[in-house]
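Down below is the structure, laid out as structure tokens.
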């Protein structure tokens, strides 16, 4: 039983450390689009339109 | 100040902007930080397409600003007064500061001067001519 608890704790610690490391290294990817009426929308990875905007940004960034 | 000088100053002062280009309402490049004209046009085209894609997300109007922040860097495009300024940045740029710098740069660029037209002024007939 103690072995099992130790294993679960180790797994949880490993998952937390991995997520922490990845979260710190990778900046948030998002796109903001603003309109003349003052409104704006923020798109995050996975939302409709984001990938099309990201593709345009990548084409501008890739030299 | 012309577009190229304003862009040079932008890159020097901003610290976040790597490359930038200004285009007019017809998509013609007015100034760029790029030595290669094809690269400048590529950046301008990508920014124009990003603004067009952004406009498609809103049914009634076109986009005036697009900020795309990715892990590999950022693309910013701002349209004001018939001109568009576009810039790329390194990853993790502060979006608000970049937009402020781009807007300031766009304001520094002189508006194109209207063409002066010569108007022929007709001289009034002399008093003696009527007789």
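Coordinate-derived values only; no laboratory data. This is a predicted model, so every value here is computed, not measured. Every residue, glycine as well, gets a Cβ built from its backbone with ideal geometry; the counts of neighbours run over all protein chains shown.
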Practice problem: Over the residues of the protein assembly as shown, compute the C-alpha Rg and express it relative to 2.2 N^0.38 Å. | Solution: 1.56
Quiz item: If you build a Gaussian network model of chain B, linking Cα atoms that sit under 10 Å apart, which residue out of B:88, B:61, B:33 swings the most?
Solution: B:61
Self-check item: Crossing angle, helix B:3-14 versus chain B [Cα axis fit, 0-90 degrees, rounded to tens]
Solution: 30
Exercise. Would you mind listing how long segment B:1-48 runs along its three principal axes, going by Cα atoms, in whole Å with the largest first?
Key: 28, 20, 18
Quiz item: When all C-alpha to C-alpha distances in chain A are sorted into bins of 10 Å, what percent of pairs does each bin hold, rounded to whole numbers?
Solution: 17, 26, 24, 16, 12, 4, 0
Quiz item: Roughly speaking, what is the centre-to-centre gap between segment B:1-48 and chain A when only Cα atoms are used, to the nearest Å?
Solution: 30
Quiz item: In a GNM of chain B with a 10 Å cut-off on Cα contacts, which of B:45, B:24, B:35 has the highest mean-square fluctuation?
Solution: B:35
Quiz item: Mean separation of Cα pairs under 8 Å and 6+ residues apart, divided by the residue count of chain B: what relative contact order is that in percent?
Solution: 25
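Enter the mean number of other protein chain beta carbons within 10 Å of the beta carbon of each residue in B:33-42, as an integer.
Average neighbour count from other chains, rounded to a whole number: 1.
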Quiz item: For chain A, modelled as a GNM with alpha-carbon contacts under 10 angstrom, which of A:45, A:19, A:30 fluctuates the most?
Solution: A:19
Quiz item: Can you give the percent of C-alpha pairs in chain B whose distance is more than 20 Å?
Solution: 49
Quiz item: What number, rounded to the nearest 500 deg cm²/dmol, is the helix-based mean residue ellipticity at 222 nm of the protein assembly as shown, given -39500 (n - 2.57) per DSSP H run of at least four residues and division by all its residues?
Solution: -14000 deg cm²/dmol
Exercise. Per residue of B:48-54, count partner chain C-beta atoms within 10 Å of its C-beta, then hand back the mean as an integer.
Key: 6
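Which whole-number percent gives the relative contact order of chain A, counting Cα pairs below 8 Å spaced six or more residues apart? If you can, show how the numbers build up before the last one.
Numbers: 26 pairs, mean separation 11.7, N = 63.
Computed value for chain A: 19 percent relative contact order.
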